[in-house]
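The values are calculated or read from the model by the stated rules, or taken from the named source; none is laboratory data. For clarity, every value in this text was computed on a predicted model and none was experimentally measured. FYI the Cβ positions are ideal-geometry reconstructions off the backbone, even for glycines, and counts take in every protein chain you see.
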Amino acid sequence: MDSLTKDAFFNGRIQVKQHRSGYRFSIDAVLIAGHAKLRPEDKVLDLGTGCGIIPMILAYRHPAIKVYGIEVQPQLAELAALNVEENNMGDQISILCMDMKTLQSDTISGPVDLVISNPPFRKAESGRINPNRQRAIARHEIKATLFDVVETASRMLPPAGRFITVYPAERITDILSQMRNAAIEPKFMRTIHSNTNTEAKLILVAGSKGGRPGVKIGPPLIIYKEDGSYTEEVQKMFMP
């Protein structure tokens, strides 16, 4: 591993190690975790878990759930496993280093109740590819496409199982059509804005496997106040 940084989360109750020069989690992960409605003893699957931040947030907030984190990059999977171990969450979280396209439900002891993913946003042929391979794979569809993410989610979910993701607003048609094609019906959506004066850069979408048509549109999610600090809603997502 290259050199690591150590960041405190939830007022120091979670310690997160990350590669100094590689991929580092963004606020997207916090927003996704903040919208996960979980029941006691739910089983959760995180596709592209990175350093394991989403599983750790969810496990801390819901002590009876089980979370599986899938990560194709060995260095990141190793880091996620280290974070889980050092935060004493090994009973709740399992990290698997593998390609999601080969994942079968028996690998994780059957279907899951919720699939979460903070997937690569850009198509492999679009824009500049980051020279850092770890960041490139996290941001561009090099190892997994949107199709792969949604198809894997559908494969792992039973009827009425849930799916949550954040995706670029400009690709809203792609995510919604891909979900419906995979029998995950979009049920809830929020646009995400940097502040009140900017257009939406991201959308948060939740869906249900085999659900009936009908989408609820939540209020816009504003990240920053005028002074550059987080809004009250976002601040709460950083609290335990």
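Counting only residues that are part of a strand (DSSP E or B) and aliphatic (A, V, I, L, M), which one in region 203-233 is farthest from Pro120 (Cα to Cα)?
Start the filter on region 203-233 by keeping residues that are part of a strand (DSSP E or B), which leaves 203-209, 216-217, 221-222, 224, 230.
Filter once more, keeping what is aliphatic (A, V, I, L, M): 203-206, 217, 221-222.
On the way: Ile203: 14, Leu204: 14, Val205: 15, Ala206: 17, Ile217: 24, Leu221: 21, Ile222: 22 Å.
Step by step, filter region 203-233, then rank; the result is Ile217.
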*Filter result for the condition that a residue is free of Cβ contacts under 8 Å to residues at least 60 places away in the same chain, surrounded by 13 or more Cβ atoms within 10 Å (Cβ to Cβ) and in a loop (DSSP other than H, G, I, E, B), over Ala160, Ala200*: Ala200
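Which ones in region 61-71 are hydrophobic (A, V, I, L, M, F, W, C) and buried (at least 21 other Cβ atoms within 10 Å of the Cβ)? Steps first, please.
Step one: of region 61-71, the residues hydrophobic (A, V, I, L, M, F, W, C) are 64-65, 67, 70.
Hits for region 61-71 are Ile65, Val67, Ile70.
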*asked:* Based on this model, can you work out whether Leu31 counts as hydrophobic (A, V, I, L, M, F, W, C), crowded, with 21+ Cβ neighbours inside 10 Å and in contact with a Lys or Arg (Cβ under 8 Å, 6 or more places away or on another chain)?
replied: no
*Report, ordered by the first and then the second residue, all pairs with beta carbons closer than 7 Å, sequence separation of six or more or different chains, a first member in region 212-240 that is closer than 22 Å to Glu185 by Cβ and β-branched (Val, Ile, Thr), and a second member that is loosely packed, with under 12 Cβ neighbours inside 10 Å and modelled with pLDDT of 95 or more.*
none
_So if I check each of Thr191, Thr196, Thr165, which one is closer than 24 Å to Tyr68 by Cβ and touching a strand residue (DSSP E or B) at 6+ places or on another chain (Cβ under 9 Å)?_
Thr165
_Quick test of your reading of the structure: Ala183 fulfils all but one of (1) in contact with a Ser or Thr (Cβ under 6 Å, 6 or more places away or on another chain); (2) among the aliphatic types (A, V, I, L, M); (3) modelled with pLDDT under 95. Name the failing condition by number._
(3)
*Taking region 163-197 only, how many residues are surrounded by fewer than 18 Cβ atoms within 10 Å (Cβ to Cβ), under 18 Å from the mean Cα position of the chain (by Cα) and assigned to a helix (DSSP H, G or I)?*
4
*Does Val149 meet the test of being out of contact with any Cys (no Cβ under 8 Å at 6 or more places or on another chain) and assigned to a helix (DSSP H, G or I)?*
yes
*In region 35-43, is there at least one residue being over 24 Å from Ser109 (Cβ atoms) and small (Gly, Ala, Ser)?*
no
*Just for region 72-120: of the residues that are surrounded by 22 or more Cβ atoms within 10 Å (Cβ to Cβ) and more than 16 Å from the chain's Cα centre (by Cα), which one is farthest from Arg39 (Cα to Cα)?*
Leu79
*asked:* Of everything in region 5-28, what is part of a strand (DSSP E or B), in contact (Cβ under 8 Å) with a residue 12 or more places away in the chain and surrounded by 14 or more Cβ atoms within 10 Å (Cβ to Cβ)? Give them in sequence order.
replied: Phe9, Ile14, Gln15, Val16, Lys17, Gln18, His19
